[in-house]
Amino acid sequence: MNLHEQYRPRAWQDVIAQERAIDTINRLRVRGLGGRAFWLSGRSGTGKTTIGRLIAQEVAGSSMGVEEVDATASLTAAKLESIADRFDGRGLFGGHALLVNEAHGLRKDAVRFLLTWIERLPEHAVIVFTSSLPIEDKKQTDLLSEIGHETWPLLSRCTVIKMQERDTADAYAAHLKRIAERENLDGQPVERYKKLVNDCRGNLRRCLQEIEAGKLMVN
């Protein structure tokens, strides 16, 4: 298993430098995370899929109740309808969850179905969208041009969480150095890890790939 998957957080307390996102989730947890849709937005490697999976597993009761898909051309309204039918009844472990990665690639027919499905989502189910583009970024508007005005009603039905991308270098660097030490891949002061984080634009996945390749070991 590569380092990124090996050290992917499996519990909320293991998530690094995303306190604001977790605070939002904790406030919603009082009323329940089920019956909601979430839209997680941020650059690659900032933990969107990790947090999405944690939300999904908490509502579903187990990873067995989580269906994870990419918003490609194959994610049609018909496929979503079949998923929705399964979600009407409770799952084996109590609930259901759908995680839709790279949601800026959603098809128009899928968005139209989601607009109504989210409104009637049962309390034992949750939908989590992740997107590597900021919701206010014009690039995302351009990519979603086929959906047009229907995009914003979809977002208005979601709890939008923007991943923290600034002021994460210290926490990331310390975390990466601990992993490197544990894996016998360390050889640099923590400042070198901070530079790595900046060079990789805060993408933890890329940082771990560099560490796994031995880039921070003493020659």
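With respect to Leu216, is the statement that it is at pLDDT below 95, buried (at least 16 other Cβ atoms within 10 Å of the Cβ) and farther than 30 Å from Gly34 by Cβ true? Yes; evaluated as a whole, the condition is true for this residue.
For segment 27-70, the set of residues classified as in contact (Cβ under 8 Å) with a residue 24 or more places away in the chain and of a type in the set (Val, Ile, Thr) consists of Thr46, Thr49, Thr50, Ile51, Ile55, Val59, Val66, Val69, listed by residue number.
The set of residues in segment 66-81 being touching a Phe, Trp or Tyr at 6+ places or on another chain (Cβ under 9 Å) and surrounded by 18 or more Cβ atoms within 10 Å (Cβ to Cβ) consists of Ala71, Leu80. Under the condition of being assigned to a loop (DSSP other than H, G, I, E, B) and in contact with a His (Cβ under 8 Å, 6 or more places away or on another chain), the residues counted in segment 89-107 number 4.
Restricting segment 37-65 to residues that are buried (at least 23 other Cβ atoms within 10 Å of the Cβ) and aliphatic (A, V, I, L, M) leaves a set whose member that is nearest to Gly95 (Cα to Cα) is Ala60.
Return the total of residues in segment 155-185 being in a helix (DSSP H, G or I) and free of Cβ contacts under 8 Å to residues at least 24 places away in the same chain.
6
Check whether at least one residue in segment 117-127 is assigned to a helix (DSSP H, G or I), among the acidic types (Asp, Glu) and under 27 Å from Gly42 (Cβ atoms), and report yes or no. Within segment 117-127, one or more residues are assigned to a helix (DSSP H, G or I), among the acidic types (Asp, Glu) and under 27 Å from Gly42 (Cβ atoms).
Conditions tested, residue by residue: (1) modelled with pLDDT of 95 or more; (2) under 23 Å from Asn203 (Cα atoms).
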| site | (1), (2) |
| --- | --- |
| Ile25 | yes, yes |
| Val30 | no, no |
| Gly35 | yes, no |
| Phe38 | yes, yes |
| Gly45 | no, yes |
| Ile51 | yes, yes |
| Ile55 | yes, yes |
| Gly61 | no, no |
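The values are calculated or read from the model by the stated rules, or taken from the named source; none is laboratory data. What you see is a predicted model; the values in this text were computed from it and never measured. When we count neighbours, we look across all protein chains shown, and the Cβ atoms used for this are built from the backbone with ideal geometry, even at glycine.
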